[in-house]
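The values are calculated or read from the model by the stated rules, or taken from the named source; none is laboratory data. This one's a predicted model, so the numbers in the text were calculated from it and none came from an experiment. Reconstructed Cβ throughout: ideal geometry from the backbone, glycine too, with neighbour counts over all protein chains shown.
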Amino acid sequence: MEKREGFIHQENSFLGRHQNYLAEFVYGGIDGSITTFAVVAGAVGAGLDNSIIIILGFANLFADGFSMSIGAYMSAKSEKQNFHKQKAIEYWEVDNMPETERDEIKDIYRKKGFEEPLLSQVVAVITKDKDRWVDVMMKDELGLIEDDKSPFQTGLYTFISFLVVGLIPLLVFVAEYLNIDISQKFLWASILTGIGFVIIGFLKSKVTNNSVIKGITETLLLGGLAALVAYFVGDFLEQIIK
């Protein structure tokens with residue numbers, strides 16, 4: 001029984017770690033599917049060959065995916081660095097300006113509705129432990145809570161989801177080189193991408209705690225609009241260049 005409980009604990013811990021990065025997976029997937037499908041739609045609208053569509057699609061997939069993941073990594077890293085910088089400042093102020101910081105704690109809890117003598121007792125308990133004191137200042141004064149997610153994994157999940165979901169619009173065009181004959185490629189690419197939008201929209205609703213219908217509808221509308229714009233721009237430019 002102990003072994004079974006240990007297995008369940010490890011499994012839940014594994015799932016929990018991955019679930020923490022669901023937001024990165026969702027937003028990476030949304031961007032990957034929309035931008036890649038827009039490239040494909042624009043290329044189809046311009047009447048480009050299958051090989052050109054694949055080249056443009058994969059170039060966009062890896063270049064934009066890498067760029068987005070680097071941006072996510074740098075943003076997460078900067079937030080973490082800023083948090084630790086502010087925390088170091090708070091430790092310095094507690095060590096060198098204890099009375100001022102104690103008054104700030106009292107003011108914070110007075111605004112929360114605490115009154116004497118309970119107010120002074122709460123302040124005394126908080127300021128008795130320096131780490132607890134700093135944690136309260138970080139949260140209640142600065143509004144900062146440390147994000148335990150790894151910046152590297154934030155970027156990695158963004159990149160993986162961008163590639164995986166962004167690959168969907170290209171599958172139909174790649175199939176030709178696998179000796180799979182598919183007619184009306186763009187129609188099938190649109191259908192598959194639409195299914196991808198539905199899945200990502202569903203996951204998005206879980207991240208934002210919004211309605212599933214709203215999450216799916218927003219993703220479908222945004223993706224479809226981007227594709228329509230790209231398609232007609234490609235068609236327009238193709239007519240001009242000719």
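Tally up the residues in the range 84-133 that are hydrophobic (A, V, I, L, M, F, W, C) and modelled with pLDDT of 90 or more, please.
Taking the range 84-133 and keeping what is hydrophobic (A, V, I, L, M, F, W, C), we get 88-89, 92, 94, 97, 105, 108, 114, 118-119, 122-126, 133.
Filter once more, so that each one left must be modelled with pLDDT of 90 or more: 88-89, 92.
Result for the range 84-133: 3.
Of the residues in the range 200-235, how many are in a helix (DSSP H, G or I) and free of Cβ contacts under 8 Å to residues at least 40 places away in the same chain?
Final tally of qualifying residues: 15.
Residue by residue through the range 206-234, note down the ones that are within 27 Å of Leu56 (Cα to Cα) and either surrounded by fewer than 16 Cβ atoms within 10 Å (Cβ to Cβ) or touching a Lys or Arg at 6+ places or on another chain (Cβ under 7 Å) (or both).
Thr219, Leu221, Leu222, Leu225, Leu228, Val229, Phe232, Val233
Just one of (1) surrounded by 12 or more Cβ atoms within 10 Å (Cβ to Cβ); (2) modelled with pLDDT under 90 trips up Tyr73, so point out which.
Looking at each condition in turn, Tyr73 falls short on (2).
Anything in the range 186-224 that is of a type in the set (A, V, I, L, M, F, W, C), over 24 Å from Ala43 (Cβ atoms) and touching a Gly at 6+ places or on another chain (Cβ under 7 Å)? List them, or say none.
Result: Phe202, Ile216.
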